[in-house]
1. So, in the range 52-98, how many residues would count as being open to solvent by 50 Å² or more (accessible area, probe 1.4 Å) and more than 27 Å from V113 (Cα to Cα)?
2. Quick check: anything in the range 13-26 modelled with pLDDT of 75 or more and either of a type in the set (A, V, I, L, M, F, W, C) or within 39 Å of the chain's Cα centre (by Cα) (or both)?
3. Restrict the check to the range 106-119 and report whether at least one residue is closer than 20 Å to A176 by Cβ, of a type in the set (S, T, N, Q) and surrounded by fewer than 16 Cβ atoms within 10 Å (Cβ to Cβ).
4. From the set of residues in the range 99-151 that are hydrophobic (A, V, I, L, M, F, W, C) and not in a helix (DSSP H, G or I), which is modelled with the highest pLDDT?
5. If you go through the range 120-129 one residue at a time, how many are open to solvent by 60 Å² or more (accessible area, probe 1.4 Å) and within 17 Å of N69 (Cβ to Cβ)?
Amino acid sequence: MSDAWITAAFGVFGTLAGGGLTAFVSIRQIRHQQEAQERAQVRAMGGEHHQRRLERRRDAYVAYLVAANEARRAFVALRGALQAEHFDEALLRAAIDAFPQAVQSLRPSSMTVMLEGPASVADTARSFTQVFVQIWEYVEPSLINADTSAREEFLHRAAETLTALTKAERAFIAAAQSVLDDDGTAPRPDV
C-alpha cells in the first residue's frame, strides 16, 4: 500500500508541477503579448504624433506663404504706383503705407514657422522674410516727393528684389515640401 501511496503522491506532485509549469508558461506568454501590444500602441501613438506635427507644420507653412503673398502684392502695388504713366500721389501714398503693414503681418507667421521647424525650413523662412525687411528699409515716404531719378533707382532695386523674392520663395517651398513629404520612417536629425 505504501507503494501505491508513493505512486499516487508522485502522480499528484507531477500533476501539480505540470499544472504550475503550464501556468508559469501561460503567464509569460500573456505578459509577452501584453508588452508587444503596448509597444505597438506606443509606435502607433508616435505615428499619430508625427502626423499631427506634420499637420501643424503644414498649417504654419501655408499661413506663412499667404502672408508672404500679401506682402509681395503690396510690394508689386507700390512698384506699379511708381511705374504709372500718370503720377497719382494718393495711390502712391496708399501703397507706401500698405507695404510696411503687410511686412508686419508676415512676422507672426514667420515666427510660427521658426518654432515649428525644422531648422532647414526655419532658415529659409528667415531668409525669405529678410528680403521683405530689406525692401521695407528702402521704401520711404519720401518717394512721394522724390524726383524721377530716385524713383527710377527704386524701380531698378525693385526688379532685383523681385528676383530675390522669387528665389527665396522657391527655397522655402522646396524645404517645406521636403519636410511634409517625409512619411516618418526616415531618420530626421533636425526635427
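1. Total satisfying the criteria: 11.
2. Scanning the range 13-26, I find no residue that is modelled with pLDDT of 75 or more and either of a type in the set (A, V, I, L, M, F, W, C) or within 39 Å of the chain's Cα centre (by Cα) (or both), so the answer is no.
3. No - not one qualifying residue is present in the range 106-119.
4. So the residue we want is V139.
5. Final tally of qualifying residues: 1.
The values are calculated or read from the model by the stated rules, or taken from the named source; none is laboratory data. Computed from a prediction, not measured in an experiment: that's the story for all the values here. All Cβ positions, even for glycine, are placed from backbone atoms using ideal geometry, and neighbour counts span all protein chains on display. Note: areas computed on protein heavy atoms with side chains; ligands, DNA, RNA excluded. Shrake-Rupley method; radii C 1.70, N 1.55, O 1.52, S 1.80 Å.
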